[in-house]
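Structure first, commentary second.
Nothing in this text is a laboratory measurement; each read-out follows from the coordinates by a stated rule. Just so it is clear, the model here is predicted, and its values are computed rather than measured. With ideal geometry, Cβ positions are generated from the backbone for all residues, glycine too; neighbour counts draw on all protein chains shown.
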Amino acid sequence: MINNVTNRNQLTKVRFKFVCSRIPNTIYFCQSINIPGISLGVLEQPTPILDIPQAGTKLIYEDLNLNFIVNENLANWNEIKNWMNDIAFDNELSENNVPYRELFSDGCLILLSDKSNPIGQIDFQDMFPTKLTGLEFDIATTTDENVTCSVSFKYLKYTYTAL
């Protein structure tokens, strides 16, 4: 048996960088992010005895989820909240009066090697936030714990490029 594996290095969970111009304060404090799963719809071809599954033509992308530490002045949490406000309200009512096209943003997840060199990137097209979790404070906590938050994004599609 011939082994044609050219790269035996394993991908680690802790070497990544996320870039999105719409949320510069958030990406600096990013703790975790996922590469969303993809599913392909299935069509059923009916027959008298057994329905036969056929490959569909519609891709369904899971959400992009980002977890981050909230900074002391809430700037990163607030930039996502404001982004959602801009989307939810008509531009004439929006606090920032953002043009519709600017309500979407592209993002890039850069995968890093064990030496912190870029080895691949996943580009997300036309992202927008759909869910921002609340912030919890607890005086009964015995240690100084960072306040963390999660945000979920929808997007048009994503592509992977090996570097």
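Electrostatic tally near E145: other residues with Cβ closer than 13 Å to its Cβ, Lys and Arg +1, Asp and Glu -1, net -3. Between the beta carbons of K17 and D138, assuming R0 = 41 Å, the FRET efficiency works out to 0.85 to the nearest 0.05. Counted by neighbouring Cβ atoms within 10 Å, the residues S21, S150 run from fewest to most as S21, S150. Here the calculated FRET efficiency for T130 and Q54, from their Cβ-Cβ distance with R0 = 35 Å, stands at 0.70, rounded to the nearest 0.05. How many angstrom separate the Cα center of the stretch 50-64 from the Cα center of the stretch 70-91? For the stretch 50-64 versus the stretch 70-91, the Cα centre distance is 34 Å.
Which one, A88, W77, L112, projects farthest toward the positive side of the charge dipole computed for the stretch 20-151 from Cβ point charges (K/R +1, D/E -1)? Of the listed residues, the answer is L112. Note on K154, K131: ascending count of other Cβ atoms within 10 Å places them as K131, K154, the fewest first. Residues whose amide H comes within less than 5 Å of that of D106, counting only those at least five positions distant or on another chain, are D126, M127 (H built at 1.01 Å from N in the peptide plane).
A straight chain from N82 to T47 at 0.36 nm per residue would run longer than the Cα-Cα distance by 7.3 nm. Listed here are the pairs K13/K157; K81/K115; K17/K154; K13/K131; K58/K81; which of them are more than 28 Å apart at the Cα? Correct reply: K81/K115; K58/K81.
Once backbone amide H atoms are built at 1.01 Å from N, S32 has N67 as its partners under 5 Å, excluding neighbours fewer than 5 places away on the same chain.
On C-alpha positions alone, give me the angle between the axis of helix 75-88 and the longest principal axis of the chain, in degrees, nearest 10. Here the helix axis deviates by roughly 70 degrees.
Ordering F68, A140, N4 by Cα displacement along the dipole of the chain toward the positive end leaves N4 in first place; charges were set at the Cβ atoms of Lys, Arg (+1) and Asp, Glu (-1). Treating each Cα of the chain as an identical point scatterer and summing with the Debye formula, the log10 of I(q)/I(0) at q = 0.16 Å⁻¹ comes to -1.02.
Legend: ranking of residues I33, I38, I69 from fewest to most surrounding C-beta atoms inside 10 Å; resulting order I38, I69, I33.
Across every direction, the projection of the convex hull enclosing the Cα atoms of the stretch 1-50 has a mean area of 9.2 nm².
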